[in-house]
Amino acid sequence: MNGSQSITVDPKISSLRSLFPVLERQVHGKPLVYLDNAATTQKPLAVIESMDNYYRHYNSNIHRGVHSLSEEATAAYEGARERIARFINAASDRQTIFTRNATEAINVVAHSWGRANLGPGDEVLITEMEHHSNIVPWQIMQEQLGFTLRYVPITDGGLLDLSELDTLLNERTKLFAFVHVSNVLGTVNPAAELVKAAHAVGALALIDASQSVPHMPVDVQALDADFLVFSGHKLCGPTGIGILYGKRDLLEAMPPFMGGGDMIREVKMSGSRWNTLPYKFEAGTPAIAEGIGLGAAVDFLQEVGMDWIWQHEHALTSYAYERLAQVEGLHILGPEQRGGLIAFTLGEVHPHDLSAVLDADGVAIRAGHHCAQPIHDRLGIVASARASFYLYNTFEEVDKLVVGLEKAGQIFAF
Ligand code: C6P
């Protein structure tokens, strides 16, 4: 597949690519090679058109009107919720709460469940490989509520070091919140096993599935997750919409996070009563077009096939791993077995410089700490470069990444 060999693009990939308008564009006169999918993915026509169709033909507020447009919008929005619930195998669509993104979903749990259940003497366990959105909300609540925040360490090879898990998870642990697939290391954590370990000490488990739900089949019931969160924009959906899944009894018992319209059953001057699930957690006019767009995105992914996506990314990532490992001075972060992303450093070259050199050739990667500073601290670096793949990426694009990195190596001659 590299340079001298002839390139065969899988017909399935080329027909998939034609469904993503942005993939036709050029950057600095070169075809776009979009390898920043862990930050956000591109949108297929089906998603763009579903939102356009809402605004053109039935734009209206939901749950409020009895006129036709409002009923159509409500049906489309709630229909999307049902399909999203099925996509992750939630027992009921009442358990899939629309949030703005994964970050907000974790904050709902931290503020609502946390305030009701955490205090001095309690412990919340997270890991050293979390994204800031699964660290900072717990640090904020820790200051306010006085519980102890603990971290599962990682090994030098980028896996969770579970040797001390028996001590870290104990009768004081109320919640174990961990990332399913690391956005820096690519590590795929044994989620079902970790949930089981949490339950064994009577703790709940929250899974940050931001980098897993878009890329592999995820079944919330098989995982036995108490809470699971993800963002729509990382799975071909729009920005501004995400999901908080929770077990029904937990969500029922939790107080609302925000107050306002739609989340109430009755408001009197003397006080208010809350709406049923999921509306109790959806105050105010929601992101209607975005909810509809996310419904179209999961339809699209199911049509492509989650197993196929996982296998395609696996093949692409293994190929990229092999080729990147041969680039002089390039150091890959994390284990060989991984999800569809590879973060790396190249000699002493700053990742921003690497990204700029690649951009000149139309190749988009991410550079920086990827909102995961603690993991970079742990690895003794301040930043890294990251290529992340999705269903529309090709082996030829991996080759272009490698050529760009070799060029950067020569330019900066480290
Ligand atoms: N990571 C990345 O480039 P939001 O911003 O709420 O949509 O997603 C937050 C988030 C939570 N957990 C993990 C594991 C993530 O990777 C992300 C988002 C992006 O790596 C943007 S910083």
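The values are calculated or read from the model by the stated rules, or taken from the named source; none is laboratory data. Note that the structure is predicted; figures quoted are calculated from it, not measured. As a convention, Cβ positions derive from the backbone with ideal geometry for all residues, glycine included, and neighbour counts pool all protein chains shown.
Check every one of the helices (runs of 4 or more DSSP H) wholly within the stretch 92-171 and list those with 2 or more residues that are farther than 17 Å from Ala205 by Cα. First the steps, then the outcome.
Values: elements: 102-108, 114-117, 136-145, 165-168.
Where helices (runs of 4 or more DSSP H) fall fully within the stretch 92-171 and carry at least 2 residues being farther than 17 Å from Ala205 by Cα, they are 136-145.
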Options Ala116, Ala105, Ala76, Ala91: the member that is of a type in the set (A, V, I, L, M, F, W, C), closer than 19 Å to Ala209 by Cβ and more than 15 Å from the ligand (Cβ to nearest atom): Ala91
Val304 - would you say it is away from the ligand (no atom under 15 Å from the Cβ) and either farther than 30 Å from Ser18 by Cα or buried (at least 21 other Cβ atoms within 10 Å of the Cβ) (or both)? no
Selection over the stretch 116-148 where residues are among the hydrophobic types (A, V, I, L, M, F, W, C), surrounded by fewer than 20 Cβ atoms within 10 Å (Cβ to Cβ) and within 18 Å of Thr103 (Cα to Cα) yields a count of 2
Looking only at the stretch 321-356, how many residues end up being among the aliphatic types (A, V, I, L, M), buried (at least 19 other Cβ atoms within 10 Å of the Cβ) and under 30 Å from Val218 (Cβ atoms)? 6
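Of all residues in the stretch 228-248, which are away from the ligand (no atom under 13 Å from the Cβ) and within 13 Å of Val108 (Cβ to Cβ)?
Step one: filter the stretch 228-248 for residues away from the ligand (no atom under 13 Å from the Cβ), giving 236, 245-248.
Tyr245, Gly246, listed by residue number.
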Mind listing just one residue for me: the one in the stretch 357-387 that is β-branched (Val, Ile, Thr) and surrounded by fewer than 21 Cβ atoms within 10 Å (Cβ to Cβ) and, of those, nearest to Gly404 (Cα to Cα)? Val357
Can you tell me which residues in the stretch 303-328 are closer than 23 Å to Phe412 by Cβ and in contact with a helix residue (DSSP H, G or I) (Cβ under 7 Å, 6 or more places away or on another chain)? Ala320, Arg323, Leu324, Val327, Glu328
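With the condition kept exactly as written, say whether any residue in the stretch 63-75 is in contact with an Asp or Glu (Cβ under 9 Å, 6 or more places away or on another chain) and either of a type in the set (S, T, N, Q) or at pLDDT 95 or above (or both).
no
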Give, as residue ranges, the helices (runs of 4 or more DSSP H) completely inside the stretch 185-267 that count at least 3 residues that are out of contact with any Leu (no Cβ under 6 Å at 6 or more places or on another chain) and over 21 Å from Lys280 (Cα atoms). 191-200, 220-223
Filter result (more than 11 Å from the ligand (Cβ to nearest atom) and among the basic types (Lys, Arg)) within the stretch 366-383: Arg378
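Residue by residue through the stretch 89-112, note down the ones that are closer than 11 Å to Met141 by Cα and either among the polar types (S, T, N, Q) or buried (at least 21 other Cβ atoms within 10 Å of the Cβ) (or both). Show your work before the answer.
Here is the first cut: in the stretch 89-112, the ones closer than 11 Å to Met141 by Cα are 107, 109-112.
Matches in the stretch 89-112: Asn107, Val109, Ala110, Ser112.
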